[in-house]
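Quick notes on the structure that follows.
The values are calculated or read from the model by the stated rules, or taken from the named source; none is laboratory data. Being a predicted model, the structure only gives us computed values, none of them experimental. Here Cβ is always computed from backbone atoms with ideal geometry, including for glycine, and neighbour counts include all displayed protein chains.
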Amino acid sequence: MKTIHTELGVGAPAAITWGVVTDLEGWARWNPIMRGEGRFEFGARPQITIASPGAKPILIRPEIVKLDEGREVRWLRRMAVPGLLDGEHGIRVVAEDTGRCRLEHFEVFRGLLANFFIGRNAKAIETGFQAMNRSLKREAERVARERA
């Protein structure tokens, strides 16, 4: 099992940040690496297009395996052969002080190819997560200012 984990402070309330995270259709406005269609509901399979830096865009239909409303969503993408390479992607919003929260963005890789995959792609994945985090932060803070 290999994990890539990033986090960032956001100057917006957790509820607003969560709203930005879960508005899949709205990702097109602010998200530099992912576009989404569908809904975050337990067991659902939204359509997500990932365009990591330096890579061709890929379309996935992962299964939502955890939804803690207002706090965390996780989706699982399995390769064609079970146990070869699975990625469980998560986004967590943790309330901090009034009007602030922390965004955690991570992926856990499992399977026979996990070490090989991470060895070749960790830097690009982390760079993409950080770019998405910064853009999500800007969008949540913009929404918070508009609502103030």
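Overview of results
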read-out	value
Test: residue in segment 82-98 that is more than 28 Å from Glu41 (Cα to Cα) and of a type in the set (S, T, N, Q)	no
Residue within segment 68-75 that is among the basic types (Lys, Arg) and either modelled with pLDDT of 90 or more or more than 20 Å from Asn31 (Cα to Cα) (or both) present	yes
Selection from segment 110-148 of residues that are modelled with pLDDT under 95 and polar (S, T, N, Q)	Asn115, Asn121, Thr127
Val65 over 14 Å from Lys137 (Cβ atoms) and among the β-branched types (Val, Ile, Thr)	yes
Filter pass, Leu112 being surrounded by fewer than 14 Cβ atoms within 10 Å (Cβ to Cβ) and touching a strand residue (DSSP E or B) at 6+ places or on another chain (Cβ under 6 Å)	no
Top-ranked residue of segment 27-44 - restricted to ones that are in contact (Cβ under 8 Å) with a residue 60 or more places away in the chain and in contact with an Asp or Glu (Cβ under 9 Å, 6 or more places away or on another chain), ranked as nearest to Pro57 (Cα to Cα)	Asn31
Residue within segment 116-131 that is without any contact (Cβ under 8 Å) to a residue 12 or more places away in the chain and part of a loop (DSSP other than H, G, I, E, B) present	no
Unmet criterion (only one of (1) among the polar types (S, T, N, Q); (2) modelled with pLDDT under 95; (3) within 13 Å of the chain's Cα centre (by Cα)) for Thr98	(3)
Residue check, Ile33 farther than 25 Å from Arg145 by Cβ and modelled with pLDDT under 95	no
Odd one out for Glu107, checked against (1) under 22 Å from Thr49 (Cβ atoms); (2) modelled with pLDDT under 95	(2)
Hits in segment 50-67 (condition: among the charged types (D, E, K, R) and out of contact with any Phe, Trp or Tyr (no Cβ under 8 Å at 6 or more places or on another chain))	Lys56, Arg61
